[in-house]
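The structure appears below as C-alpha coordinates.
The values are calculated or read from the model by the stated rules, or taken from the named source; none is laboratory data. All figures in this text were calculated on a predicted structure; none of them were measured in a lab. Cβ sites come from the backbone with ideal geometry, for glycine too, and all protein chains shown count toward neighbours. Just so you know, the surface numbers come from the protein's heavy atoms only, side chains and all, with ligands and any DNA or RNA stripped out. Shrake-Rupley method; radii C 1.70, N 1.55, O 1.52, S 1.80 Å.
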Amino acid sequence: MNLSVELPQEVDQAVTECLETMIEPDEYLATFMPLHYDFATSAYHAFGYTEDDTYIKVYGYCVLFECNNETLKENKERKEKHIDMYSADFWEANYFIAYLKKDGQSKVTPEKIWIAQYPQTLTDILKKMPIRTWLYIFLDDPKGYMEKLSTKCAKQMYEYIDSHDIPESNEEK
(Lines give C-alpha, C1' and ligand atoms only; values in the text may rest on other atoms or scores of the structure.)
Protein backbone atom coordinates (compact mmCIF):
# COMPACT_ATOMS: atom_id res chain seq x y z
CA MET A 1 0.00 0.00 0.00
CA ASN A 2 1.45 3.32 -1.02
CA LEU A 3 0.03 5.83 1.43
CA SER A 4 2.44 8.67 0.83
CA VAL A 5 1.76 12.19 -0.35
CA GLU A 6 4.44 14.76 -1.16
CA LEU A 7 3.48 18.11 0.29
CA PRO A 8 4.63 21.52 -0.92
CA GLN A 9 7.31 22.90 1.43
CA GLU A 10 5.07 25.68 2.76
CA VAL A 11 2.31 23.18 3.58
CA ASP A 12 4.84 20.83 5.22
CA GLN A 13 6.09 23.66 7.47
CA ALA A 14 2.52 24.65 8.40
CA VAL A 15 1.65 21.04 9.32
CA THR A 16 4.72 20.83 11.56
CA GLU A 17 3.77 24.12 13.24
CA CYS A 18 0.20 22.87 13.65
CA LEU A 19 1.34 19.65 15.31
CA GLU A 20 3.83 21.33 17.63
CA THR A 21 1.60 24.19 18.77
CA MET A 22 -1.99 22.96 18.59
CA ILE A 23 -2.05 19.43 20.03
CA GLU A 24 -3.10 19.71 23.65
CA PRO A 25 -2.35 17.01 26.22
CA ASP A 26 -5.52 15.26 27.31
CA GLU A 27 -7.24 16.05 30.60
CA TYR A 28 -6.05 12.78 32.15
CA LEU A 29 -2.39 13.87 31.86
CA ALA A 30 -3.19 17.34 33.20
CA THR A 31 -4.34 15.82 36.51
CA PHE A 32 -0.88 14.32 37.14
CA MET A 33 1.58 16.99 36.12
CA PRO A 34 1.89 20.68 35.23
CA LEU A 35 1.57 21.26 31.51
CA HIS A 36 4.51 23.53 30.73
CA TYR A 37 6.81 22.55 27.88
CA ASP A 38 10.01 24.22 26.69
CA PHE A 39 10.63 22.08 23.62
CA ALA A 40 8.48 20.26 21.08
CA THR A 41 9.42 18.10 18.13
CA SER A 42 7.22 16.21 15.73
CA ALA A 43 7.38 13.85 12.80
CA TYR A 44 4.54 12.81 10.56
CA HIS A 45 3.62 10.82 7.49
CA ALA A 46 1.03 12.39 5.17
CA PHE A 47 -1.56 10.04 3.65
CA GLY A 48 -3.70 12.62 1.90
CA TYR A 49 -3.95 16.27 0.96
CA THR A 50 -7.05 18.17 -0.18
CA GLU A 51 -7.80 21.81 -0.81
CA ASP A 52 -11.17 23.56 -1.00
CA ASP A 53 -12.46 27.12 -0.57
CA THR A 54 -12.17 26.93 3.24
CA TYR A 55 -9.19 24.72 4.15
CA ILE A 56 -6.15 22.85 3.02
CA LYS A 57 -6.51 19.52 4.84
CA VAL A 58 -3.58 17.18 5.43
CA TYR A 59 -4.41 13.65 6.62
CA GLY A 60 -1.74 11.57 8.27
CA TYR A 61 -0.15 9.81 11.20
CA CYS A 62 2.04 11.77 13.61
CA VAL A 63 4.26 11.48 16.64
CA LEU A 64 4.82 14.46 18.94
CA PHE A 65 7.30 14.83 21.83
CA GLU A 66 7.10 17.70 24.31
CA CYS A 67 9.63 18.24 27.10
CA ASN A 68 10.37 20.74 29.82
CA ASN A 69 13.92 21.90 30.56
CA GLU A 70 14.30 19.50 33.47
CA THR A 71 13.60 16.47 31.26
CA LEU A 72 15.87 17.81 28.53
CA LYS A 73 18.67 18.18 31.08
CA GLU A 74 18.11 14.60 32.35
CA ASN A 75 18.26 13.27 28.78
CA LYS A 76 21.43 15.29 28.10
CA GLU A 77 23.17 13.78 31.15
CA ARG A 78 22.52 10.17 30.07
CA LYS A 79 25.55 8.45 28.67
CA GLU A 80 23.47 6.38 26.25
CA LYS A 81 20.88 7.97 24.02
CA HIS A 82 17.67 6.21 24.91
CA ILE A 83 15.42 6.66 21.89
CA ASP A 84 11.77 6.10 22.73
CA MET A 85 8.65 8.05 23.55
CA TYR A 86 9.33 7.84 27.27
CA SER A 87 12.20 10.31 26.85
CA ALA A 88 9.53 13.04 26.70
CA ASP A 89 7.14 14.50 29.29
CA PHE A 90 4.24 14.25 26.87
CA TRP A 91 3.99 12.30 23.67
CA GLU A 92 1.22 11.64 21.23
CA ALA A 93 1.09 9.16 18.37
CA ASN A 94 -2.06 9.02 16.32
CA TYR A 95 -3.97 9.86 13.16
CA PHE A 96 -4.53 13.54 12.51
CA ILE A 97 -6.08 16.06 10.18
CA ALA A 98 -4.30 19.42 10.01
CA TYR A 99 -6.58 22.24 8.87
CA LEU A 100 -4.56 24.99 7.20
CA LYS A 101 -5.60 28.29 5.62
CA LYS A 102 -4.08 30.75 3.21
CA ASP A 103 -3.92 34.30 4.53
CA GLY A 104 -4.33 37.45 2.43
CA GLN A 105 -0.81 37.07 1.01
CA SER A 106 -1.41 33.37 0.17
CA LYS A 107 0.84 32.25 3.04
CA VAL A 108 -0.22 28.87 4.45
CA THR A 109 -0.88 29.02 8.19
CA PRO A 110 -2.18 26.46 10.71
CA GLU A 111 -5.81 26.93 11.72
CA LYS A 112 -6.70 23.89 13.85
CA ILE A 113 -6.02 20.18 14.23
CA TRP A 114 -8.08 17.07 14.83
CA ILE A 115 -6.27 14.15 16.40
CA ALA A 116 -7.80 10.81 17.29
CA GLN A 117 -7.95 10.50 21.08
CA TYR A 118 -9.67 8.30 23.61
CA PRO A 119 -12.66 7.63 23.78
CA GLN A 120 -12.97 7.84 19.99
CA THR A 121 -13.63 4.50 18.38
CA LEU A 122 -12.17 3.05 15.22
CA THR A 123 -15.41 4.01 13.46
CA ASP A 124 -14.97 7.64 14.57
CA ILE A 125 -11.47 7.65 13.09
CA LEU A 126 -12.55 6.02 9.82
CA LYS A 127 -15.31 8.62 9.35
CA LYS A 128 -12.67 11.37 9.30
CA MET A 129 -10.00 9.70 7.17
CA PRO A 130 -9.95 9.12 3.38
CA ILE A 131 -11.35 5.72 2.34
CA ARG A 132 -8.05 4.63 0.80
CA THR A 133 -6.48 4.69 4.29
CA TRP A 134 -9.08 2.44 5.93
CA LEU A 135 -7.30 -0.86 5.28
CA TYR A 136 -4.07 0.61 6.67
CA ILE A 137 -5.91 1.77 9.81
CA PHE A 138 -7.56 -1.66 10.23
CA LEU A 139 -4.16 -3.37 9.94
CA ASP A 140 -2.82 -1.12 12.73
CA ASP A 141 0.34 0.45 11.33
CA PRO A 142 1.64 -2.33 9.02
CA LYS A 143 4.49 -0.11 7.77
CA GLY A 144 5.74 0.68 11.29
CA TYR A 145 5.31 4.46 11.06
CA MET A 146 4.96 4.86 14.83
CA GLU A 147 8.41 3.40 15.50
CA LYS A 148 10.06 5.27 12.61
CA LEU A 149 8.47 8.60 13.53
CA SER A 150 9.16 8.32 17.27
CA THR A 151 12.81 7.51 16.50
CA LYS A 152 12.95 10.60 14.29
CA CYS A 153 11.49 12.76 17.09
CA ALA A 154 13.94 11.38 19.64
CA LYS A 155 16.88 12.03 17.30
CA GLN A 156 15.70 15.62 16.83
CA MET A 157 15.44 16.01 20.60
CA TYR A 158 18.98 14.68 21.16
CA GLU A 159 20.37 16.88 18.37
CA TYR A 160 18.77 19.86 20.12
CA ILE A 161 20.04 19.04 23.61
CA ASP A 162 23.52 18.19 22.34
CA SER A 163 23.84 21.58 20.66
CA HIS A 164 22.15 23.85 23.27
CA ASP A 165 22.73 24.81 26.87
CA ILE A 166 19.62 23.79 28.77
CA PRO A 167 18.65 26.24 31.54
CA GLU A 168 18.03 24.85 35.04
CA SER A 169 14.56 26.35 35.16
CA ASN A 170 12.20 28.47 33.11
CA GLU A 171 13.30 31.64 34.90
CA GLU A 172 16.81 31.32 33.44
CA LYS A 173 15.64 31.54 29.83
Task: Residues of the stretch 80-100 classified as farther than 27 Å from Trp134 by Cβ and either in a strand (DSSP E or B) or in contact with an Asp or Glu (Cβ under 8 Å, 6 or more places away or on another chain) (or both), total - done: 3
TODO: Considering only residues that are open to solvent by less than 50 Å² (accessible area, probe 1.4 Å) and at pLDDT below 90, look in the stretch 6-29 and name the one that is farthest from Phe96 (Cα to Cα).
DONE: Leu29
- [ ] Test Tyr49 against the stated conditions and say whether it is in contact (Cβ under 8 Å) with a residue 60 or more places away in the chain, surrounded by 17 or more Cβ atoms within 10 Å (Cβ to Cβ) and outside any loop (DSSP other than H, G, I, E, B).
- [x] no
Task: Single residue of Thr123, Thr151, Thr133 found to be β-branched (Val, Ile, Thr), over 20 Å from Met22 (Cα atoms), open to solvent by less than 20 Å² (accessible area, probe 1.4 Å) and not in a strand (DSSP E or B) - done: Thr133
Open item on the list: From the list Lys127, Lys143, Lys102, exactly one residue is more than 18 Å from Gly48 (Cβ to Cβ) and of a type outside the set (S, T, N, Q). Which is it?
Closed with: Lys102
- [ ] Return yes or no: is Tyr145 in contact with a strand residue (DSSP E or B) (Cβ under 7 Å, 6 or more places away or on another chain) and open to solvent by less than 40 Å² (accessible area, probe 1.4 Å)?
- [x] yes
Task: Checking Thr109 against (1) open to solvent by 20 Å² or more (accessible area, probe 1.4 Å); (2) assigned to a strand (DSSP E or B); (3) in contact with a Phe, Trp or Tyr (Cβ under 9 Å, 6 or more places away or on another chain), the condition it does not meet - done: (3)
